[in-house]
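Student: Can you read through this structure? Questions will come right after.
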Amino acid sequence: MERFWSIEDDSSSPSYSVEEAACETHFQQNVRRTPEGRYCVRLPVKNNVLDNLSDNRRTALRRFHMLENKLNRDEGLKQQYNNFLEEYESLGHMQKVFDYEQPLTPCYHLPHHAVIREDNTTTKVRVVFDASCKTPSGPSLNNALMVRPIVQ
């Protein structure tokens, strides 16, 4: 993403690209606080890219089966991974979807895998969601998100 700098004045303040300006406006209009005090904001999507994501279910299932094989070889890892997913579900961050359920709108399946950190004493297993996984038509979910300007 190119950055454009204004040279009309002597300040070093940047002028944003069209996408960066749209993303900044999106955040300003959509950020809110939950009753628990957490910040919540809708993802800033590029509708032209989001609408063109193709069904990646086959790719996500293939990667899930590889993960499942890995977890079946290590019962401790499997338990830690399952504990994370149960907590994630109880917090309302995800929900189970069954094969017989047909989505009402197009959907993107988010592949995930385990990252193991032996040196960490509190959390040895971290679940990583891979939104950069490409779809058969090319773009990934990450490609469908606008880029926010650098604010530092």
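The values are calculated or read from the model by the stated rules, or taken from the named source; none is laboratory data. This is a predicted model, so every value here is computed, not measured. Here Cβ is always computed from backbone atoms with ideal geometry, including for glycine, and neighbour counts include all displayed protein chains. With ligands, DNA and RNA removed, areas are computed over all heavy atoms of the protein, side chains included. Shrake-Rupley method; radii C 1.70, N 1.55, O 1.52, S 1.80 Å.
Student: Which pairs turn up if I take residues in region 84-111 that are surrounded by 12 or more Cβ atoms within 10 Å (Cβ to Cβ) and look for partners that are not in a loop (DSSP other than H, G, I, E, B) and not hydrophobic (A, V, I, L, M, F, W, C) with beta carbon separation below 6 Å, at least 6 apart in sequence or on another chain?
Tutor: So the pair list comes out as Met94/Tyr88; His109/Arg57; Pro111/Arg63.
Student: A follow-up question, please. Quick one: count up the residues across region 129-146 that are more than 14 Å from Leu50 (Cα to Cα) and open to solvent by 40 Å² or more (accessible area, probe 1.4 Å).
Tutor: Result for region 129-146: 1.
Student: Ok, one more. Please tell me if Glu36 is free of Cβ contacts under 8 Å to residues at least 12 places away in the same chain, under 24 Å from Arg117 (Cβ atoms) and open to solvent by 70 Å² or more (accessible area, probe 1.4 Å).
Tutor: Details: free of Cβ contacts under 8 Å to residues at least 12 places away in the same chain: yes; under 24 Å from Arg117 (Cβ atoms): no; open to solvent by 70 Å² or more (accessible area, probe 1.4 Å): yes.
For Glu36, the condition - free of Cβ contacts under 8 Å to residues at least 12 places away in the same chain, under 24 Å from Arg117 (Cβ atoms) and open to solvent by 70 Å² or more (accessible area, probe 1.4 Å) - is not met.
Student: Also: On the given criteria, is Leu67 open to solvent by less than 50 Å² (accessible area, probe 1.4 Å), assigned to a loop (DSSP other than H, G, I, E, B), within 27 Å of Gly138 (Cβ to Cβ) and modelled with pLDDT of 80 or more?
Tutor: Judged against the criteria, Leu67 is not a match.
Student: Oh, and also: Return the residues of region 104-152 that are in contact with a helix residue (DSSP H, G or I) (Cβ under 6 Å, 6 or more places away or on another chain), over 17 Å from Asn83 (Cβ atoms) and not in a loop (DSSP other than H, G, I, E, B); say none if nothing qualifies.
Tutor: Asn143, Ala144
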